1. State, as an integer percentage, the relative contact order of the chain based on alpha-carbon contacts under 8 Å between residues 6 or more apart.
2. Mind checking the angle between helix 425-441 and the chain's longest principal axis? C-alpha axes, 0 to 90 degrees, to the nearest 10.
3. Applying the Karplus parametrisation 6.51 cos²θ - 1.76 cosθ + 1.60 with θ = phi - 60° to the phi angles of region 58-73, what ³J(HN,Hα) value in whole Hz is obtained for each residue in order, glycine and proline being reported as x?
4. Helix 505-516 sits at what angle to the longest principal axis of the chain, using alpha carbons and giving 0 to 90 degrees rounded to 10?
5. Checking the table K443/K491; K279/K448; K423/K519; K595/K633; K457/K505 against a 29 Å threshold on Cα-Cα, which pairs fail?
6. Before rounding to the nearest 500, sum -39500 (n - 2.57) across all DSSP H runs of length at least 4 in the chain and divide by the residue total; then give [θ] at 222 nm in deg cm²/dmol.
7. Across region 562-576, in residue order, what do the Karplus-derived ³J(HN,Hα) couplings come to in whole Hz, using 6.51 cos²θ - 1.76 cosθ + 1.60 with θ = phi - 60° and x for Gly and Pro?
8. Can you tell me the Rg and Dmax of region 535-651, counting just the alpha carbons, in angstroms?
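The values are calculated or read from the model by the stated rules, or taken from the named source; none is laboratory data. These numbers were taken from a predicted model, which means no experiment stands behind them. We place every Cβ from the backbone using ideal geometry, glycine too, and count neighbours over all the protein chains shown. Ligands, DNA and RNA are excluded from the accessible area calculation, which covers all protein heavy atoms including side chains. Shrake-Rupley method; radii C 1.70, N 1.55, O 1.52, S 1.80 Å.
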Amino acid sequence: MLEKLIQNKHLQWLPFIFGILLYSNTLKNEYALDDFAVILDHDYVTQGLNGIDEIFTTNLLHGVQQFNDGLYRPIAPMTFALEFEFFKDNPYISHFINIIIFGFVVFLLFRLLRRLFGTNGQYIALFATLLFAAHPIHTEVVANIKSRDELFASLFLLWSTNQWLNYLDLKKNTYLFGAITLYILALFSKESAITYFAAIPTFLWLKKDISIKQLMLPAGIMLALSAAFYGWHSHIISSMPNPVSEGLSDLLNNAAAHTQSLSERYGTAFYLQILYLQKLVFPNVLLHDYSYNLIPVVSLSSWQGVIGLLFFVFLVVFGIIGFFKKNKIATLVIFYLLSIAVVSQLFITIGALFAERFLFVPSIAFCVIIAILLQQLFQFKKYLSFLLFIPVLALLSAKTIARNSDWKNNSTLYAADIQNGIKSARINYNYGSVLTQQANEVKDKTTKQHLYSQSTKYLQNAVEIYPQYWDAYNNLALAYKYNGQFELSEKVFLLLLKKDPSYNKAYFNLATVQLELEKGEEALNNLIIFTNNTPTVDAFSMMGTISGALGDFHSAKTYFRKVLEMDPNNENAYNYIGTAEGFLGQPLAAIENYKKALQINPNNVETYYNIAISYSQIGDTTNEIMTLNTIQKIRPGIPEVVNRLNELNRSR
């Protein structure tokens, strides 16, 4: 009965449904982590259909202030733009789409494994697919909307592999065209697909009756496509106005890339291979970040480096020897190595040291190997294999569902990860920053003080772990500012600028603190430095206001004219220029600027009152009375206006 159930053709939809149900609780989640950069803060995504051309001709984060992250993966951002066009910023829709894509990834994996392992391998196909669907290591990919790039790459990988299998069996060109098209889509989904030209034939090698000769054509075609994509990728990245950010390979993001020691570079890289296996076997501790200094840099001669090297060599030797003997576990080991190669740090270094999402495709091999071992262990007692498998599946599913809730938003994610990620500078920074936001929003004073206290604690941790963490210094100083600790805030900002004078936004933030401390001249000097590199309306407005307060009305006019150059419809700028002209004894010029302000906001009572004062200064009683009467119509009963009108009428 069990055999018939597993071989039922309708069973292929069971993993699809299972995968969707596991992640259904993400539908109530909001945006989190990198979702903001790739969706809400991305100029091309928020343009909807109008931004798709730019998405396909620029790097991934070019739409975020032209930042060059060295990545080109336009398929997922295109779908985000389409969602924004029709649904605006609706995380429910985005999570729903992610869940459906994941369901089809699981569905295609099951279909492919059933075909590759044949009638006698149906247990393997079912166990491996359910294990893959339930594995908590995938929560980052499915629950984080941004990781749709990984979902798409995996979807097209498995779909293309199915089409290659169809072509090898039936030799129909429609399948060949489908396989090629889907492989191209995988490449445009995520760069790591570039190694799939070898990974797909390796996976096909699991089929009993496939020969090396048959795999030469798929491998050759996909190798050519990978090479062409690499050329196009390089062209796009190099054509951007800004070079690839050097910060991607700094100590904070990737310690292995930052070190100058080859021993440390490869010692750490080999150590990572042990950690990846550990995450697959024991996914009990999951984090959104593994940057400095959660994973220490180790030398090749350290015990971590030595064990990692021996483990990697074992995988390579075992895989190669077994591959040519058509050993399925060895073949899957090769598939694992090929699919993790780009992110392993062994061949190239990338903008992240370690991440759970990097295991999404490699985990396929792990899950299939576990399923094979399970079948071999209980070859004649398949019911026992079910009895062992079901509790494991239940535990993994429970962990996945629980972890999905952590990904609800930044607040829940950072709070969930801080205990196990306390050694990570970025996790401390993230949690401290979100606590500051919470403190800014809460009304209760006691709660507010507690949140500020906690936020400064974790932001201090961040700078202690990574002393060059300028963003953490900046946010620490801001937390002190918002808590009314202006002297401490100024001290931290000054320390930051001493360490890194090029951290420009700190000059603006410092100026806002110095205004609170009534240090107008110092604030003005810092704003001058800030605007030399980053001219903004807010900064020039502050400079004009400070200059006026210091009695330098000529400079005040100059700064507010700069505001008008950037924002011609800035009502406040015209009003401030009018006030400055008044103090300089130029009432006619003042009236001219006030009237320009009224063209933008015709109902501003304060502006009318200033005009009336200017008319009074030049003795134009008629226009003064007309102006005061206009104020009476807009807002009747203002004591100063009523008294002045009575005074003027008596004098007539």
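1. Working: 993 pairs, mean separation 68.6, N = 652.
Relative contact order here is 11 percent.
2. 40 degrees
3. Residue by residue, region 58-73 yields 9, 6, 3, 9, 5, x, 10, 6, 6, 6, 9, 8, x, 10, 9, 8 Hz.
4. Taking the Cα atoms of the chain, the angle to 505-516 is about 40 degrees.
5. Values: K443/K491 27 Å; K279/K448 38 Å; K423/K519 38 Å; K595/K633 18 Å; K457/K505 23 Å.
Beyond 29 Å between Cα atoms: K279/K448; K423/K519.
6. Numbers: 31 runs with 449 residues, N = 652.
Taking each H run of at least 4 residues, the total per residue is -22500 deg cm²/dmol.
7. 5, 4, 5, 5, 8, 9, x, 9, 7, 4, 4, 4, 4, 4, 5
8. Cα-based Rg and Dmax for region 535-651 come out at 14.9, 51 Å.
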